[in-house]
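The values are calculated or read from the model by the stated rules, or taken from the named source; none is laboratory data. Predicted model, so just to flag it, every value in this text is computed and none were measured. Here the Cβ is made from the backbone with ideal geometry for all residues, glycine too, and neighbour counts use every protein chain on show.
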Amino acid sequence: MAITPVLTDYAPPPDGPAVLFRDDHLLVIDKPSGLLSVPGKGDHLTDCVMARLQADDPEVRLVHRLDRDTSGVMVWARSAMAQRHLGLQFETRVPTKTYVARLWGRLEPPTGTVDLPLIVDWPNRPLQMVDHARGRPAVTDWRVVRHDPGPPGETTRVRLTPRTGRSHQLRVHMRELGHPILGDPFYATGAAQDGWGRLMLHAEGLKLRHPDGGHWMTFSAPCPF
């Protein structure tokens, strides 16, 4: 049985999220890797994106989350109306999200789709697993950007576009392809996990409708790796 990783070594980065856009309804940020989106259980897990943002702007409200070790674009609401509107968008899969990741090994062919249903691995929470009988639908499109030589071995840079928003979806789907995301403490092992400094997963772009008027807006944050 797998052993569930725990956040006993939580050391949030000193630099806070960079603001990409702000108006009366939206706050869009570039989240750093290593910082929780919302507080965890325990006093040592109170430092998070939400706490840092609300220290300066108490009206900031949660819309969606990124994993602790994932960096990149996040949108927050600055009014109850915006939170409802954005929440409905995410529920009905209106936004388009794109990620950049570095994977272990040489992924081929140049494009593809992973369609594998996911469910929480209850004895090993928060790990997720593929379950064709009970899992919820999870679909990820991928496109190879380039292959990089080692050492310690060949790696692949990809752009990922999830069609669904399951917990750990990209991380499990890449592992199931046989090419885990580099630096992943949950789903990579050996040389694919060690020595990379962080999880090599970045939320590069987000396209959604503005809650006041419905016009499309696109936000992006450059990949830091």
In region 10-25, anything more than 15 Å from Ser220 (Cβ to Cβ) and not in a loop (DSSP other than H, G, I, E, B) is listed as Arg22
Taking region 207-225 on its own, how many of its residues are of a type outside the set (A, V, I, L, M, F, W, C) and in a loop (DSSP other than H, G, I, E, B)?
8
It is to be established whether one or more residues within region 192-206 are surrounded by fewer than 20 Cβ atoms within 10 Å (Cβ to Cβ), on the phi > 0 side of the Ramachandran plot and not in a loop (DSSP other than H, G, I, E, B).
no
Options Thr46, Thr111; residue that is more than 28 Å from Arg175 (Cβ to Cβ) and of a type in the set (Ser, Thr, Tyr)
Thr46
Suppose we keep only residues that are over 15 Å from Arg68 (Cα atoms) and among the aliphatic types (A, V, I, L, M) within region 14-42. Which one would you say is surrounded by the fewest Cβ atoms within 10 Å (Cβ to Cβ)?
Ala18
Sort out which residues of region 150-179 are over 23 Å from Gln89 (Cβ atoms), assigned to a loop (DSSP other than H, G, I, E, B) and modelled with pLDDT of 95 or more, and write them in order of number.
Glu154, Leu177, Gly178, His179
Take region 41-96 and flag every residue that is out of contact with any Lys or Arg (no Cβ under 9 Å at 6 or more places or on another chain), assigned to a loop (DSSP other than H, G, I, E, B) and among the acidic types (Asp, Glu).
Asp47
I'd like to verify a number: residues in region 84-101 that are closer than 19 Å to Asp30 by Cα and either of a type in the set (A, V, I, L, M, F, W, C) or surrounded by 15 or more Cβ atoms within 10 Å (Cβ to Cβ) (or both), how many?
8
Cross-chain or 6+ apart pairs with Cβ under 9 Å, region 42-55 first and over 10 Å from Pro17 (Cα atoms), then at pLDDT below 95 and of a type in the set (A, V, I, L, M, F, W, C)
Gly42/Leu7; His44/Leu7; Leu45/Leu7
Of all the residues that make up region 65-83, how many are surrounded by fewer than 16 Cβ atoms within 10 Å (Cβ to Cβ) and either within 16 Å of Gln169 (Cα to Cα) or without any contact (Cβ under 8 Å) to a residue 40 or more places away in the chain (or both)?
1
Within region 108-132, considering residues that are without any contact (Cβ under 8 Å) to a residue 60 or more places away in the chain, in a loop (DSSP other than H, G, I, E, B) and touching a strand residue (DSSP E or B) at 6+ places or on another chain (Cβ under 9 Å), the one surrounded by the most Cβ atoms within 10 Å (Cβ to Cβ):
Pro117
Do you know which residues across region 185-204 are touching a Phe, Trp or Tyr at 6+ places or on another chain (Cβ under 7 Å) and not hydrophobic (A, V, I, L, M, F, W, C)?
His202, Glu204
